1. Name the residues in segment 291-325 that are part of a helix (DSSP H, G or I) and among the polar types (S, T, N, Q), would you?
2. From the list Ala144, Ala191, pick out the single residue that is in a loop (DSSP other than H, G, I, E, B), open to solvent by 40 Å² or more (accessible area, probe 1.4 Å) and modelled with pLDDT of 95 or more.
3. Would you check if Leu57 is surrounded by 23 or more Cβ atoms within 10 Å (Cβ to Cβ) and in a helix (DSSP H, G or I)?
4. Output the number of residues of segment 299-315 satisfying the condition of being more than 23 Å from the chain's Cα centre (by Cα) and either in contact (Cβ under 8 Å) with a residue 40 or more places away in the chain or near the ligand (Cβ under 10 Å from one of its atoms) (or both).
5. Within segment 254-298, restricting attention to residues that are of a type in the set (Lys, Arg) and within 12 Å of the ligand (Cβ to nearest atom), which residue is nearest to Glu392 (Cα to Cα)?
6. Considering segment 86-109 alone, what residues qualify as being within 21 Å of Ala53 (Cα to Cα) and either modelled with pLDDT under 95 or outside any helix (DSSP H, G or I) (or both)?
7. Have a look at Val213, Val182 and point out the one that is within 14 Å of the ligand (Cβ to nearest atom), modelled with pLDDT of 95 or more and under 20 Å from Val339 (Cα atoms).
8. Return the only residue of Arg109, Arg22 being in contact (Cβ under 8 Å) with a residue 60 or more places away in the chain and under 30 Å from Ala230 (Cβ atoms).
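The values are calculated or read from the model by the stated rules, or taken from the named source; none is laboratory data. What you see is a predicted model; the values in this text were computed from it and never measured. For neighbour counting, all protein chains shown are included, and Cβ atoms are generated from backbone atoms with ideal geometry for every residue, glycine included. The area values use the complete protein model at the heavy-atom level, side chains included, leaving out ligands, DNA and RNA. Shrake-Rupley method; radii C 1.70, N 1.55, O 1.52, S 1.80 Å.
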Amino acid sequence: MSNDLFRDLSNSPVAARLGIPRVPVLRRYEPGQPLLAGPALVGAVGAGRFAKAVSALVEDAGGTVLDAPGDEKIAAVVLDATGARTITDLASVQAFLTPAVRRLAPSGRLLLLGPEPDGTDAEAAAVAQALEGLVRSAGKEVRAGATANLLVVAADAVPAAVDSSVRFFLSARSAYVDGQVVRIDVPVGPAVDPAGMDAPVDRVRPLAGRVAVVTGAARGIGAAIADTLARDGASIVAVDVPAAGEALAAVANRTGGTALQLDITADDAAARLPAYLRDRHGGVDIVVHNAGITRDKLLANMDPERWNAVLAVNLAAQLRINDALLADDRVLRGAGRIVCVSSQSGIAGNRGQTNYAASKAGVIGMVRALAPRFAERGATINAVAPGFIETEMTARMPLGTREAGRRVNSLRQGGLPVDVAETVGWLGQAETGGVNGQVVRVCGQSILGA
Ligand code: NAD
């Protein structure tokens, strides 16, 4: 039994007899699992540059590719619409998708690749944007744990640039990432192999050989990030406050990593952390700014202590550490990846959370501002914005608020800490250099702030 009692009951035979709609059990990643649980249908509209490479990726992962829907359920429908420029092309998109979505399997994937809007051609720009509306609506229509997402691909990006993102969005790792639009640029840093998608990347342990530091790693989402990055091959440096020392040591032990007791708001934290990474590990590849706190109060009753405490942990500490990473080129190694944990509250706002939402929206502003500066170093910085995630924090909410928070999304359930962690893992890969300065929500396509 999970902590989502309603979901468990909704899947019982009694609920089915009573006609209670099911809350789907999402397919989640397990090592050794095939990329897809069934065949993929791959198509292109216009001069699609990526369809062949996507088919090769699916076949390379042991999957079957269809070019037309048959009788069986389809695990993934991928449409390369990067060549779509006209209303007529858009009609072809609909003609391809309609019979395909009818056959979409439980936890199926609808993934579109679209063009970046062309500022010189109004129809082409309109069509590029139209795909967003289509995908976001399809995300609300597909059932049984299926998701719909759009990758907007820069005109000069080669197929290899989309590889890790296509793989993530097709796989069970993206179980709770739904209704998202992610832009893929020409990757920062050294060029990826333009030959295609068969670069010698360790598919089982895509983070092998990389050092990842995770703040707030003693519990909750941070602990899940440490576990997941370690499972994918990274060496973990787990950071948390001294008061969480015992739990932190447990995370470090089980991930085979090291523990660093550090309050990230301490005056010397932005000097100590990079020095530790440089001296003990020869640098760092992935920095996950996950530590965060809430001190909720209505704005009318807000006091400076609550305000300042939240801004200090959730935003100011991240800013100072990022500055230190940019200032010392002996810390962040090639293909460095910074991932900042924001929140849906920072996008939608939340009653009682002016301080928290300000800090989390601030994280998004910081990411956008720093993206070009990290790119100069061959590195990226992105944010993940979790929606309702099943943690100790959300378990303590009153039942009514908790139930409402869980259900107002396309998947009709809360996400798990591992869903945030898998998204961090994808953004942490060296191969994901084309995604920079973006915010990826892990919210099951929540209607809040959409
Ligand atoms: P949590 O409270 O369970 O864990 C946060 C961890 O950060 C704790 O181990 C804590 O000791 C550590 N931490 C706090 N202040 C610190 C400091 N000054 N220095 C070092 N470590 C510090 O929280 P969680 O639910 O796992 O959330 C993790 C992140 O995800 C936070 O940034 C949170 O804002 C964000 N988030 C959570 C949810 C959710 O539904 N739980 C939703 C959106 C965003």
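1. Residues satisfying the conditions are Asn301, Asn308, Asn314, Gln318, Asn322.
2. None of the other options fit; the residue is Ala144.
3. Spelling it out, Leu57 is indeed surrounded by 23 or more Cβ atoms within 10 Å (Cβ to Cβ) and in a helix (DSSP H, G or I).
4. Selection size over segment 299-315: 8.
5. Result: Arg295.
6. Those that are within 21 Å of Ala53 (Cα to Cα) and either modelled with pLDDT under 95 or outside any helix (DSSP H, G or I) (or both): Gly108, Arg109.
7. The conditions single out Val213.
8. It is Arg109.
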